Amino acid sequence: MKIFFISKLVFLLRKKIRNSSKGLFDYIYFALRVFLAKPLGLYPFPIRNEVGSLTSILISGKWNASYSLTNKITETEEKFCEFLNSRNCILVSSGGVGIEIVMRLLKSNNTNVTCNHLRHICPATPLSILRSGVAPLPTNPFKDEFSLPKEVYEKASKENLVLATHMWGYPEEIRNYSPENIVEDCCLSFDSYFPDGRHVGTIGKAGIFSFGCLKPLQAGEGGLICTDDDELAKEIRIMQNYANQEQITGSKDILGFGLNGRMSCLTAGVIYEQLKNYRKYINNVRRGVLSLKKEIKKRDLPVSIFLPNNQKIENIGFTSILLEVNPSIYSKLILELRKNGIETIPTFFNDIFSLSYFQKGIKNQLSQNQLEIYLENFEKSSNYQYPNRLINISRRWVTSYFMRSIFIQSLSKSLSNF
């Protein structure tokens with residue numbers, strides 16, 4: 001009963017702090033959120049000097065990269081190049097726009113290009129691929145839930161691109177394949193590393209990051225493309241600015257397609273500050289995961305922290321924490337956790353093939369060759385059943401001793417009913 005009341009109190013406190021009122025209550029809300037956001041896991045929240053950064057940009061008058069060649073955009077891109085150890089980092093308006101730009105450039109003038117990606121993904125991913133003129137191919141996973149079949153990578157080519165997705169901070173192992181036709185979707189992974197120490201997004205032809213909702217670094221919106229290919233980077237910068245290449249080549253001519261993929265300096269200012277202190281923050285999350293793992297073992301609970309093969313806690317970005325459980329208790333445990341004040345997150349996004357547009361409407365957007373491949377893939381993938389062994393919880397539950405204590409007590413109580 002004590003656990004129930006404490007967890008409910010935390011839930012109500014977090015809910016009240018999220019919703020400000022008027023007048024005096026705004027100031028009380030602001031003060032409470034400043035001091036309690038981090039220990040209560042109220043995402044998003046400032047982790048350094050975001051307010052000061054925005055103020056300095058507003059005063060400078062450099063709100064957009066077009067105002068000056070030296071601005072918060074260029075400064076932030078340089079910091080990302082250092083952090084990711086990448087030759088080129090280009091800030092864009094969203095992760096989806098980043099995927100669209102890269103796909104457009106990789107397909108070039110070819111009208112029959114396809115791209116395999118995980119089936120249980122956010123619809124923004126296949127829609128971004130489709131906008132580029134490439135046919136998205138939602139694909140069943142391989143041996144684990146977050147990896148594409150190895151034959152997909154082995155058959156990758158200029159006509160058969162692959163989008164590798166690093167879900168929830170857990171890197172998909174792609175090091176054994178040729179990187180030339182692989183794009184990495186890192187929108188849910190930041191400060192995540194392969195066992196050899198390389199950051200996700202730096203192995204494929206390009207890596208895409210996002211700073212929107214649920215993402216590791218949050219700035220409301222925004223995205224980033226990183227690549228070691230200098231020529232590709234130049235083409236990305238031209239396309240993202242309505243194909244205007246004057247700042248890059250000096251020419252005022254428009255030679256190809258372009259779109260508005262730019263980020264404002266204001267958004268960059270928030271990301272810049274988040275990046276400064278992010279490693280300190282995520283290391284705190286990792287310590288929390290390690291503590292939770294030890295506590296689970298100490299109490300001999302029938303769950304474990306999910307870790308990919310050959311990976312260590314210090315290599316995982318932990319956008320969320322995945323608990324591995326026996327499928328026989330999966331559904332009931334989620335219900336029991338909810339009763340005890342622990343909300344869970346869907347481990348998988350939409351089944352793309354269950355959405356009406358991807359069953360019918362998409363057919364009108366594909367070439368005859370693309371449509372044949374799409375329908376063949378649809379038929380081949382029809383019998384897939386989602387696994388029910390991974391429960392997804394927010395990392396807010398490991399960021400402080402207080403939150404971990406509530407979580408472990410609630411988990412123990414939930415499991416006691418089995």
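One table, with the values for the structure above:
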| quantity | calculated |
| --- | --- |
| Flag for residue 195 being modelled with pLDDT under 95, outside the structural domain of residue 318 (by TED's automatic domain parsing), over 22 Å from residue 48 (Cβ atoms) and more than 12 Å from the chain's Cα centre (by Cα) | yes |
| Complete set of residues in the stretch 98-131 that are in a loop (DSSP other than H, G, I, E, B), among the hydrophobic types (A, V, I, L, M, F, W, C) and surrounded by 22 or more Cβ atoms within 10 Å (Cβ to Cβ) | 113, 121 |
| Where a residue in the stretch 175-186 is of a type in the set (S, T, N, Q) and its partner, wherever it lies, is in a loop (DSSP other than H, G, I, E, B), with Cβ under 6 Å and at least six apart | 181/156; 181/157 |
| Subset of the stretch 281-307 [farther than 14 Å from residue 325 by Cα and without any contact (Cβ under 8 Å) to a residue 60 or more places away in the chain] | 283, 286, 287, 290, 294, 298 |
| Filter result for the condition that a residue is polar (S, T, N, Q), assigned by TED's automatic domain parsing to the domain that holds residue 102, under 25 Å from the mean Cα position of the chain (by Cα) and surrounded by 14 or more Cβ atoms within 10 Å (Cβ to Cβ), over 356, 264, 320, 291 | 264 |
| Test: residue 225 is part of a helix (DSSP H, G or I) and in contact (Cβ under 8 Å) with a residue 60 or more places away in the chain | no |
| Subset of the stretch 364-408 [in contact (Cβ under 8 Å) with a residue 40 or more places away in the chain, more than 15 Å from residue 288 (Cα to Cα) and polar (S, T, N, Q)] | 365, 367, 369, 370, 377, 381, 388, 392 |
| Residues of the stretch 249-275 satisfying the condition of being within 24 Å of residue 57 (Cα to Cα), out of contact with any strand residue (DSSP E or B) (no Cβ under 7 Å at 6 or more places or on another chain) and not in a loop (DSSP other than H, G, I, E, B) | 260, 265, 266, 269, 270, 272, 273, 274, 275 |
| Looking only at the stretch 285-314, and only at residues there that are at pLDDT 95 or above and polar (S, T, N, Q), the one that is farthest from residue 404 (Cα to Cα) | 304 |
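Rundown of residues vs (1) modelled with pLDDT of 95 or more; (2) surrounded by fewer than 20 Cβ atoms within 10 Å (Cβ to Cβ); (3) not in a loop (DSSP other than H, G, I, E, B), yes/no style:
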{"position": "52", "(1), (2), (3)": "no, yes, yes"}
{"position": "76", "(1), (2), (3)": "yes, no, yes"}
{"position": "79", "(1), (2), (3)": "yes, yes, yes"}
{"position": "83", "(1), (2), (3)": "yes, yes, yes"}
{"position": "89", "(1), (2), (3)": "yes, no, yes"}
{"position": "96", "(1), (2), (3)": "yes, no, yes"}
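Residues checked against (1) farther than 11 Å from residue 94 by Cα; (2) out of contact with any Leu (no Cβ under 8 Å at 6 or more places or on another chain):
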{"position": "223", "(1), (2)": "no, no"}
{"position": "236", "(1), (2)": "yes, no"}
{"position": "243", "(1), (2)": "yes, no"}
{"position": "246", "(1), (2)": "yes, yes"}
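The values are calculated or read from the model by the stated rules, or taken from the named source; none is laboratory data. Fair warning: this is a prediction, and the values are worked out from it, not measured in the lab. Note: ideal-geometry Cβ built from the backbone for every residue, glycine included; neighbour counts use all protein chains shown.
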